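In what follows, a structure is listed as structure tokens, so that the remarks can point back to it.
No value in this document is a laboratory result; all are computed from the given coordinates. Everything quoted here is computed from the prediction, not taken from an experiment. Positions of Cβ are backbone-derived with ideal geometry, glycine not excepted, and every protein chain shown enters the neighbour counts.
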Amino acid sequence: MAVSDTCREPKGPGIIETRALTRQFGEILAVDGVSLEVQPHEIFGLIGPNGAGKSTLIKMLTTLLPPSSGAARVAGYDVERQPAKVRTHIGYVPQLLSADGALTAYENLLVSARLYLVPRSEREARIASALKLMGLEDAASRLVDGFSGGMIRRLEIAQSMIHEPEILFMDEPTVGLDPVARHAVWGHVRRLRERLGTTILITTHLMDEADELCDRIGVLHAGRLEEVGSPAELKGRMGPDATLEDVFAHVTGTEITSGGSYRDVRQTRASARAHS
Amino acid sequence: MTSDRPAPAHAPIHEPAIVAPIAGYITQVYAVADAEIQKLRHDPSELLTRALQPAIWLLLFGQVMAQVRGIADGGRYLDFLAPGILAQSVLFAAIFYGIAAIWERDLGVLHRYMVSPAPRSALVLGKAGSSGVRGLSQAVIVYGLAVLMGIDVSFAPAHIAGVALFIAIGSALFSTFSLIIACIVKTRERFMGIGQVLTMPIFFASNAIYPIELMPGWLKAISSANPLTYEVDGLRTLMLTGGTTKYGLGFDYAVLIAVTAGLVAIAARMYPRLTG
Ligand SMILES: Nc1ncnc2c1ncn2[C@@H]1O[C@H](COP(=O)(O)OP(=O)(O)OP(=O)(O)O)[C@@H](O)[C@H]1O
Ligand SMILES: [Mg+2]
């Protein structure tokens, strides 16, 4: 938990604000009345089991998906009424690998730089520095099809920050990465926040990742935002030695009552995992 | 971890008002088109495999049908057929854009474009533009085949320029049409089914391989409403020495441009549905 605690106290208007944000797919309530506030410069983590609604929430915040009801403001703009404004202020690393395999790393970055209207005079410098920051200088002119998963992720992070967005949405950016690459991504995320003051909303299935990286965490379950707080707060609510796993299991495991000790909770989590 | 980059620089690109909006729009269109063109450059094999189809039509179909009297107003059937086959190769190359769009959606590449601030119409026009480039490279191949087969091809600069314009507009038209279909059917499987069902009538219910005069009344009516008919009429006028137009070149251009503009407007509205 190297991250400073200074970002924790809620203050001022959130840079991301949702009010009863809801998205339905037919019968399924993918996101169910989520009200959330993320402060500027915060690294905010979203955790929750498969199908909890994390990606759907991010898609609404990035204007990819219109909400069924409720509202969201991102960087001060309404996602439904001012989507173009929102888009200029955000970067997005989708859950799916999104770099174009038929292009080189450089060309992928060039597309992003042009789409975001990075001034022509700055383009080359921005691309070069993004490649350098992500350790991809030597791979710049290689086709992305030949990249490893870790290299593609790094490229995507480079792409998503080429326009130096105020807010970066990262949907499971470390999925499929080995521990070294994963820690490297954490480093990049932290540096982004330090250097540019970027606000970062990240989803993950890794509790240690959420614990290490995030200032605050929201736990989604079946579309509902069940818990929000700093890792320490969330764990503190569970008991003296509780881990984030316990929090996760408590929120998502239906059979657990508030009376259960955290040991029991951990057992239940193990079996819940085996079923999923 | 050191960086040669200036400190936080949100301001420059967050106010696109300082970039002339039209120049910005063109940059975004070009970003998309150029990406496609770079892909072709990396792997031009597609262009060659696509050249096989017109070759087969001209060599097999053309040779046999040339024996049938009365099909081409007393002229040589091959001369009549060549512009039709050129239009066909443009149509078939353009129809591939819909499935490519679905493919990009499945890969996650499209999400990256959709979260960018580029107007959706710029994204559509970029694809349409790159389709024009594909169409032009097809045209070069069909011209080569036509010359080899002794067809009386006109190389007058004005004719070449006119043909290039018809190819570019026709490619844009049919690729955008294909994109709209993709936005409706949304999956590769369904597109494959419907793609066949749509391309065949567009091709056969036109003046591409036989004159409209030979058609029964109802088919004549359909052909007159088919943009491919005007594409073929334009190509038939300009590709051959002494070619004549049935509808008038100005009318051909006007029809194609108007239909393209309408389709681009529709596609710009529908494109976001692919990622939604
Ligand atoms: N386009 C869609 N059409 C229909 N249902 C959808 C669609 N997208 C998501 N869903 C449903 O909405 C729910 C939430 O999905 P979502 O992808 O947001 O979950 P998630 O928390 O990101 O899960 P994961 O951890 O597996 O990525 C799921 O039940 C999913 O099946
Ligand atoms: Mg997800």
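Could you work out how much longer the chain between B:ARG76 and B:LEU249 gets when fully extended? Use 0.36 nm per residue separation minus the Cα distance between them, nm to one decimal.
That pair, B:ARG76 and B:LEU249, stretches by 60.1 nm at full extension.
Once you reduce region B:131-177 and region B:200-276 to the center of their Cα atoms, the two points are 15 Å from each other. Taking all Cα pairs closer than 8 Å and separated by 6 or more residues, the relative contact order of chain A comes to 23 percent.
Give me log10 I(q)/I(0) at q = 0.15, 0.23 Å⁻¹ for region B:186-226, Debye formula, one equal scatterer per alpha-carbon, no solvent. Once normalised to I(0) and log-transformed, intensities are -0.42, -0.70. Using bins of 5 Å that start at zero, the share of Cα-Cα pairs per bin across region A:81-239 amounts to 2, 9, 17, 20, 20, 14, 9, 6, 3, 1, 0, 0, in whole %. A simple spin-label model places the labels of B:VAL68 and A:GLU233 7.8 nm from each other, with each point 7 Å out along Cα-to-Cβ. With the cut-off at under 18 Å, measuring from each backbone N in region B:140-182 to a point 7 Å along the Cα-to-Cβ line of B:ARG269 picks out B:176-182. Mean partner shielding of peptide B:103-112, defined as the number of other chain Cβ atoms within 10 Å of each residue Cβ, is 6.
The orientation-averaged shadow of the Cα convex hull for the protein assembly as shown, equal to a quarter of the hull surface, comes to 29.1 nm². Sequence-ordered 3J(HN,Hα) estimates for region A:107-121 from the Karplus curve with 6.51, -1.76 and 1.60 and θ = phi - 60° stand at 5, 4, 5, 5, 4, 4, 4, 6, 4, 8, 6, 4, x, 3, 5 Hz, glycine and proline given as x. Across the alpha-carbon atoms of chain B, the computed radius of gyration and Dmax are 20.7, 79 angstrom. For chain A, what does the alpha-carbon gyration tensor say about shape, rounded, prolate or oblate, given a ≥ b ≥ c as the root eigenvalues, a/c under 1.5 as rounded, and a/b over b/c as prolate? Judged from the Cα gyration tensor, chain A comes out prolate (a/c at least 1.5, a/b above b/c). If R₀ is 45 angstrom, what is the calculated FRET efficiency for the pair B:ILE26 and B:LEU214, using the beta carbon separation as r and rounding to 0.05? That pair, B:ILE26 with B:LEU214, gives E of 0.50. Beta bridges from DSSP with both residues in chain A: antiparallel share about 55 percent, rounded to the nearest 5.
Going by neighbour counts of Cβ atoms within 10 Å, the residues B:SER45, B:SER171, A:SER129 line up, fewest first, as B:SER45, A:SER129, B:SER171. Each residue in B:VAL255, A:VAL38 was given a count of other beta-carbon atoms within 10 angstrom of its own, and listing them fewest first yields B:VAL255, A:VAL38.
Helix-only mean residue ellipticity at 222 nm, chain A, DSSP H runs n ≥ 4 weighted -39,500 (n - 2.57), per residue, nearest 500. What is it?
Theoretical 222 nm ellipticity from helices: -12000 deg cm²/dmol.
Bridgeable aspartates and glutamates around A:LYS85 (alpha carbons under 13 Å apart, same-chain partners fewer than 8 residues away excluded): A:GLU166, B:GLU15.
Provide the convex hull volume over Cα atoms per residue for region B:22-147, in Å³.
Taking the convex hull of the Cα positions in region B:22-147, it is 129 Å³ per residue.
Counting only other chain Cβ atoms within 10 Å of each residue's Cβ, the peptide B:20-27 averages 2. Packing order of peptides A:151-163, B:25-37, highest average first: A:151-163, B:25-37 (average count of other Cβ atoms within 10 Å over each peptide's residues). Helical content alone sets the calculated 222 nm signal of chain B at -24000 deg cm²/dmol, taking -39,500 (n - 2.57) per DSSP H segment of four or more residues and averaging over every residue. Evaluate E = 1/(1 + (r/R0)^6) for B:ILE160 and B:ILE56, where r is the Cβ-Cβ distance and R0 equals 25 Å; express this FRET efficiency to the nearest 0.05. Taking R0 as 25 Å, the efficiency between B:ILE160 and B:ILE56 is 0.50. Would you mind estimating how fast region A:156-226 diffuses translationally, via Stokes-Einstein at 10 °C and 1.306 mPa s with the Kirkwood radius over Cα pairs, in µm²/s? So the translational diffusion coefficient is about 123 µm²/s. Overall, the protein assembly as shown carries a charge dipole of about 840 debye about its Cα centre when +1 sits on the Cβ of Lys and Arg and -1 on the Cβ of Asp and Glu, all other atoms neutral.
Under the definition of partner shielding as Cβ atoms of other protein chains within 10 Å of a residue Cβ, what is the mean value for peptide B:120-128?
Mean partner-chain Cβ count within 10 Å for B:120-128: 1.
Within the same chain, lysines fewer than 8 places from B:LYS186 are excluded, and of the rest, those with a Cα less than 25 Å from its Cα are A:LYS54, A:LYS59, B:LYS39, B:LYS127.
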